[in-house]
Every structure is written in structure tokens, then in C-alpha cells.
Amino acid sequence: MISLRENWRIVMLVVFLLASALVLVGPVGQSDPGTQTEFVELTGDDKQLTLEQSTITLDNTTVETTNESTDTIVASDADIEVEGEVAERTNSSARVINGSLTITGGTVVTPENTTDITATERSIAIGGETTLHAENSNVTLALERRADAGLTNLQYGFDLSGGTRIRAPLAGMHATDLDFDQNQSAELNRQLAEQLGVEPIDVRVRSGTIEVFSQDVTREEFASALQASGFDATEDDINDGVTAATRENVVEILQSKIDRTGLAGGTVTTVGDGFVVVEVPNAEIDEVRDIVTDRGVVRIVAEVREPGANSTTNTTVITGDDIASTGQIGQRTSPSGEVTGWEAPVTLTEEGAQQFQQQMQELGFTSATGIGNCDRTGGPGSERQGSYCLLTTLDGELVRSNGMGEDLGTELGANENWPTEDPTFTIGASSAAQAEEIKISLEVGSLPTNLDLSEDAENDVSYIQPSLAEEFKSLSLITGLLAWFAVAGMVFLRYNKVRVAIPMIFTAIAEVFILLGFAAVSGLALDLSHIAGLIAVIGTGVDDLIIIADEILQQGEVATGRVFQNRFRKAFWVIGAAAVTTIIAMSPLTFLSVGDLFGFAIVTIVGVLIGVLITRPAYGDILRNLVLSEDQR
């Protein structure tokens, strides 16, 4: 009878195998695949779209959902009426799972016996799955889809899922070892930006270092500006690229932007000296290029034209630093119910709210003349005197111009406690895509600089078709199986004993299985470098098992358990020393910027640790049970 106490290593191996199976195919290893907002147009008579777990927004159009029966749900000019015995439906296709159907400027009528349809104000929530038909009209749907997690919880990187890879330096230059008072950083930042003719956001001053992120500034101009500010600097003191701190900041923000955009599996890493590598599976080049080149700088600018004047004055009143949190985007409507655009609700920080309220009062936005008075095309002779517009800009481009709302203007003008009570308002946008981009930019922050994709820069942009990546995935599996069969064949030829070879091959496979479980639970996106690491783990693992088997079986008869243990310890010392050597050799690759070699190194190191701590000891217990009788143990 096998004792669990003597074979606890085998028990531990089984536990790890079960845990790995759970994280590979069960709910434990599942990570949120995230959502992705897509804008889909339905045009003509025959277009249809099936949605699940989605949000649908309708505006002044006709949308019909039907299950080919007399009971239909029809949205016509944003009015919805539900007719029929809805509670008795059993095969209806008029359903939206975990979503909502939002009607702007319309009404909702539902039968009294409805149990699976609920209506609140201007929205109707329907449980189930929906098929939408656009008839003789154009319908644009803003869809928030959840990514498909696949059969397993494994994630695949650029090589095995296809997509876009961009490798480029960050635009900018910097000077170090500059002596200045940190309390003067803000003034120095403003002064240098003015001398260089750039925005203050394009200059960063901190801890004896000054960086400039504009590609329009030359080294000579940067050195001249430093000299004008009192620094003894020459062109030789100017370094190309950005500092390590800025590079880390860019990587963090880009990773957050990719995650929030819903591009599952995207990674941002650094490689070499100053290069950033962005890999986004299943994404087109233009889509990724927009992410890495758009800095996401959101500003609210107060544009004022005094009564009788032809010119305007612009004052930045809100930046991303003034935003504490954001809400869900939605459509903006006029008091009459007419859709006028999209908006992203935001909450200001207390300091930002105090500054915003003060500026709105000083600039006249809270006065009777300023509230609701935004006339950018007018001038002398206009119906209203002057113009008071709040301009929303994204990366310097105008997104939306709005006047001061009556409710917000009254609060800002009369309520001194507004900054501490409820400093919220909405940022306008012309489209849902712009509103979503503004929301993401405010949530993750703006990039201090972007990737330099100009022709003069050393960059590389590549794209792998998903179909080609699927071939890579199949070939990787075939390569792994061939490696396993080759190793298995050599083991059988050497020992010619099934009871020795079978446990050895099983242990090697168990090691790879546990390693895949680690990849699933850690969210490691597998690519070709990881597959190479897995193959290396198979080879080194079986090599160690052969050392154990040879030491125990080739040194004469194993008569007692003590003899077995002595030989096993001797073999394990050899294996342990080899493992330490491997880990030491691979460790530099895990923290040096060496690109794909990082994946190979991390898989190899984890595989060696799994082998030394779990599978090799378990194989020793299995071999002991095979070669020793119960009395000999």
C-alpha cells in the first residue's frame, strides 16, 4: 500500500496539475477580456446585426426587431411602442443580453403585463438577444463588445494572434546636471516654452533635468534657450531622446490606453536604448498608429469676444490635471429633446474646481450676457452682444464649442460651495468616438511625448495577418509535439523499459502543463519566444530525469530505500547545480531591454523552478515505488 506521507511529492504534483487545469479552462484563470467600443453602420434594406451584451443608441431613425411573428418592437423617430402579449413570448429575438436600448427625445409605451421588459424614463431594457434591421435608413450603432476569451484562458501575443507591432524611439531631447531651484520649476517651464515657441506641456522641468518633446525644436535652439535662462549649456550638453523616467511614464500610459480601448493582449515594452515596442494583436496598423501618436491632451479653453470687438481672447481653464474622475459617455440633448452631440461627464478636483469657478466669474461666463451666449461666427451687429464659448480641444484640435449652460452658470455664479459640494459638468463632443477618446485620455492621462514615426527616425512598423498567425500557432503545436515524440523515442531506446520511460515522459508533459497554467494565471501573452522556452524546458527537463534514472538504475542493484535515497540525493545535487547555473545565465535577460529574449528567459526560469521544486522530486518518488518493493522501502 502506498503511503501518502512517503509520497507527498507525488500528491503535490497532482495538486499542481489540477490547479493548472482549473486556471487553464476554468473560471479561476479567467481575466476580464475587456470591452471594445465599435461604431457600425447599418445601411440599406438587407443589413442586419446580432448583438449580445451590448449597448445600442438610436437617434431619429427606424429600427425594428422581430421574430417573424405579429409581435414586434419598432423604433420610429425615437418613439417606441411595444404591442402584444410579451410575457407569453418564448421564442422572441427581440432581446438584448446585459445591455440597454436608449431612445433620445422619445417615449416608451409598454403593456401592463410585461415582465421581461422594463422601461425607465427614456430607456427600455430587454433581456435576451437582439437582431436589428435597418430599413431605408442609415443607422450608426455604438457597440461595447466583450472580447472572446477562447477555449482556454491562455492569451496569445503578436506572433501567434497577428496584429501590429511598432518599434520606435520617443520624440524629444534632454539636458541633465542643471542647477536650479525646484521652487522655480513652473516659472522656468513657462520661460523655456515661450523662448522655444512651444506649449508648456512640451517642456518638462524636474530634478536637475529639462526635457523638450517638440520635434520642431533643434539642438541649437534648445541650447540657446538654456543659455538665455542662465544655464552654461552648449549643443554638446543636449542628449537625444527622453529620460528613463519619462520613458517609463509613456509605457505606463500607452499600456493603459490600449487596455481601455479594448485591444486585448496589447503590450508596451522598452528595448535597447530608448526604444519603445508596442504590440497589439488583431489590430490594424492605422488603429495602433493613432494610439501611439495621439498624445491625448484635453483642454477646455474659454474663448471670449467682448461686445463690439472683432478679436477674441483664449484662456485655458481646465486641463487633464484638473479632472478627478469621469462618467459614462452619452448623448447631449437640448431642452426640447433634440440631440445636439455627445458628452463625457467629469468631476473636477477641488483645486481645479475653485480655479474654474473663479475664471468663469472673472471672464463673464456667469453673467446674464455670458450664459448661453456662444456665437463664434458673429461680431458687431450680431443679435447678442459679444460671445462666450467653451472650446473642447483634443491634441490642439477643436472638438466642440459650447456656451455656458444656464444651470451650471447659475451654480458657478451664486454657489460659493460648488467646488466642494458637486464640482461636476460635461465635456461636449461632436461624435461618440470623440467623446470616448476624451474619456480615455482623461482617465489614463496625456502622453508627455509620442513615438517618433517620422521618416528620419529609426523606427519599424510591421503587421502580421491573423490567418498567418494561426499558421504559426499550428506549427508551434506541431513543433512541440515533434520535440516530445523525439525525446520519448530516445528515452525508450535507452532504457527499453516501459515502467521507467512512461513516468519520465509523463513528468515532462506535466512540467509543461503546469507552466501553461502559470501563463494563464499570470496573463502572460504567449508568442514564439515563449514557445521556444517551452521546447527548451522539455529538453532540459528530460535531461534531468535521465540523470536521476541513470544514477539510480545504472549503479548496481537498488536493494534498500536508503540506497535509493543516497543515489537520488547525489543526482539531485547535480540537477540543482545545473538549475542554479541556468537561472543565473537567464536572469540578465529578464531585466535588460532585449526584446523577445525576455519571453524565452522568463519561461525557461519558471520551467526550471517548477522542475526542481515539483516535478523532479515527484519523479523520484514514482521511480522509488517502481523499483522497490514495499518491504525494501
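The values are calculated or read from the model by the stated rules, or taken from the named source; none is laboratory data. None of these values were measured; they are calculated from a predicted model. Cβ atoms come from the backbone with ideal geometry, glycine included; neighbour counts cover every protein chain shown.
Across region 424-464, the number of residues qualifying as part of a strand (DSSP E or B) and closer than 30 Å to Met404 by Cβ comes to 6. Scanning region 591-603 for residues that are out of contact with any Leu (no Cβ under 9 Å at 6 or more places or on another chain) and either at pLDDT 90 or above or on the phi < 0 side of the Ramachandran plot (or both) yields Phe591, Leu592, Ser593, Val594. Considering region 296-319, the residues that are in a loop (DSSP other than H, G, I, E, B) and touching a helix residue (DSSP H, G or I) at 6+ places or on another chain (Cβ under 8 Å) include one that is nearest to Gln355 (Cα to Cα), namely Val297. All of (1) under 21 Å from Arg9 (Cβ atoms); (2) not in a helix (DSSP H, G or I) hold for Glu557 with one exception: (1).
The set of residues in region 249-295 that are among the small types (Gly, Ala, Ser), within 22 Å of Gly172 (Cβ to Cβ) and not in a helix (DSSP H, G or I) comprises Gly272, Gly274. Within the option set Thr410, Thr377, Thr313, being more than 40 Å from the chain's Cα centre (by Cα), of a type in the set (Val, Ile, Thr) and surrounded by fewer than 18 Cβ atoms within 10 Å (Cβ to Cβ) holds for one residue only, Thr377. One residue alone among Ile427, Ile440, Ile464 is over 26 Å from Gly162 (Cα atoms) and not small (Gly, Ala, Ser), and that residue is Ile427. Taking region 245-290 as the range and being buried (at least 16 other Cβ atoms within 10 Å of the Cβ) and small (Gly, Ala, Ser) as the test, the residues that pass are Gly262, Ala264, Gly265, Gly266, Gly274, Ala283. For region 562-605, the set of residues classified as β-branched (Val, Ile, Thr) and over 40 Å from the mean Cα position of the chain (by Cα) consists of Val563, Val574, Ile575, listed by residue number. When Phe492, Phe485, Phe513, Phe506 are checked against the criterion of being in contact with a Ser or Thr (Cβ under 6 Å, 6 or more places away or on another chain), of a type outside the set (Ser, Thr, Tyr) and surrounded by fewer than 19 Cβ atoms within 10 Å (Cβ to Cβ), a single residue qualifies: Phe513. The sole residue among Ser446, Ser462, Ser431, Ser454 that is exposed (fewer than 12 other Cβ atoms within 10 Å of the Cβ) and either at pLDDT 80 or above or charged (D, E, K, R) (or both) is Ser454.
Mind listing whichever residues of region 516-529 are surrounded by fewer than 15 Cβ atoms within 10 Å (Cβ to Cβ) and among the hydroxyl-bearing types (Ser, Thr, Tyr)? Residue satisfying the conditions is Ser522 alone.
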